[in-house]
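Remarks on the structure that follows.
Each value in this text was obtained by applying a stated rule to the coordinates, not by laboratory testing. Note that the structure is a prediction, hence the values are computed from the model and not measured. When we count neighbours, we look across all protein chains shown, and the Cβ atoms used for this are built from the backbone with ideal geometry, even at glycine.
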Amino acid sequence: MQRLYIIGSGPGGLDYLSPAARTALESCSDLVGHGLYLNLLGPLAEGKTRHKTPMGEELGRATIALDLAAAGQTTALISSGDAGIYGMATVVFELLARKPKPEWAAVDIEVIPGISAMQAAAARVGAPLAHDFCVISLSDLLTPWDLIARRIDLAGQGDFAVALYNAVSNKRAWQLQEARQILLRYRQPETPVIVAFNVTRKGEQLTVTTLGELDPEPLNMLSLVLVGNSETRRVGQWVYTPRGYHAKPELAGHPLVTAD
Ligand SMILES: C[S@@+](CC[C@H](N)C(=O)[O-])C[C@H]1O[C@@H](n2cnc3c(N)ncnc32)[C@H](O)[C@@H]1O
């Protein structure tokens, strides 16, 4: 059988890899992915043929994975976090739509979900994404900055909590500063912000700061930023966003609803 698994390997720590992903990995002879993510699989990658490709070579990586699977090698294409969130799953489908090879038609594809980095970061600090939220990538490699800025503005207007992926890279940090300025049109400077680096991986760091004090300088491409909505608050060491029920008078006496 020609089989390609597109696996979301989670934020990094193997404890956060799903049992479905483990089972799929066990059945594979070949792994394709960025070297960092293949290395993070540790013992689960042992005995498999590893095809490491550099960052930025996504189309080539997906082509290798489809070719291997079409040739009869049970293959896993590894994507960090969830493969469907700024991950490799869509790259495979774009290739199938735009430049299909006839032999790829026989490949049976399964996408296996993973825990996205924002979920792991949110859990570390409490529940900052507990109500409506959106996710925006600040990378303008494939998306024009005007569109990204408009989305940030609308997230501000809509009072969504916002997870910012690809917040900075080696080459750019101004986008995060600009995103901060846009959100400050709608949010108080005291709005809680979480800066998460290498979540669940060696060297993990999480910092809770505010929108007013957010400093893009120390961040790198292994970081993401969570910005609370107008209701997000702190209790002790935790950050949470209330579920929004307290405006409803009929729920005011509900034991799970706080009075403030
Ligand atoms: C191409 S996106 C991949 C996102 C991934 N598919 C997911 O669902 O988490 C890469 C960006 O994800 C974020 N990221 C991924 N893993 C992370 C981690 N363990 N800690 C912090 N940020 C992470 C960073 O913003 C990084 O620049």
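Numerical summary
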quantity	calculated
The chain, relative contact order [Cα under 8 Å, separation at least 6], %	19 percent
ASN229 long-range amide H proximity, modeled H, under 5 Å	ALA161
Rounded FRET efficiency, nearest 0.05, which uses the C-beta distance separating GLU217 from ARG22 and R0 of 45 Å	0.70
In sequence order, calculated HN-Hα J values of the stretch 108-116 (Karplus, 6.51, -1.76, 1.60; Hz; x Gly/Pro)	8, 9, 10, 9, 10, x, x, 6, 6
Karplus-derived 3J(HN,Hα), 6.51/-1.76/1.60, for each residue of the stretch 131-139, Hz, glycine and proline x	10, 4, 9, 9, 10, 10, 8, 8, 6
LEU141 versus GLN157: modelled label distance in nm, points set 7 Å from Cα along the beta carbon direction	3.0 nm
GluC sites (Glu not before Pro) restricted to the stretch 45-81 and DSSP loop, no more than 10 other C-beta within 10 Å	GLU46
Two-decimal log10 I(q)/I(0) for the chain, as the Debye equation yields it once each C-alpha is a single scatterer, q = 0.17 Å⁻¹	-1.22
Contour minus Cα-Cα distance for SER169 and LEU184 (0.36 nm per residue)	3.2 nm
Centroid-to-centroid separation of the stretch 212-243 and the stretch 88-149 [C-alpha atoms, Å]	22 Å
Folded to 0 to 90 degrees: helix 89-98 orientation relative to the chain principal axis, Cα	60 degrees
Global size of the stretch 3-115 as Cα Rg and Dmax, reported in angstrom	12.5, 38
Estimated [θ] at 222 nm from DSSP helical runs (n ≥ 4, -39500 (n - 2.57)) normalised by residues in the chain, nearest 500	-8000 deg cm²/dmol
Of all DSSP beta bridges in the chain, antiparallel share, percent nearest 5	40 percent
MET1 paired with THR210, simple spin-label distance in nm, labels 7 Å along Cα-to-beta-carbon	5.6 nm
Size of the stretch 93-226 as Cα extents on the principal axes (Å, biggest first)	56, 35, 32
Three-way shape label, the stretch 71-151, alpha-carbon gyration tensor, a/c 1.5	oblate
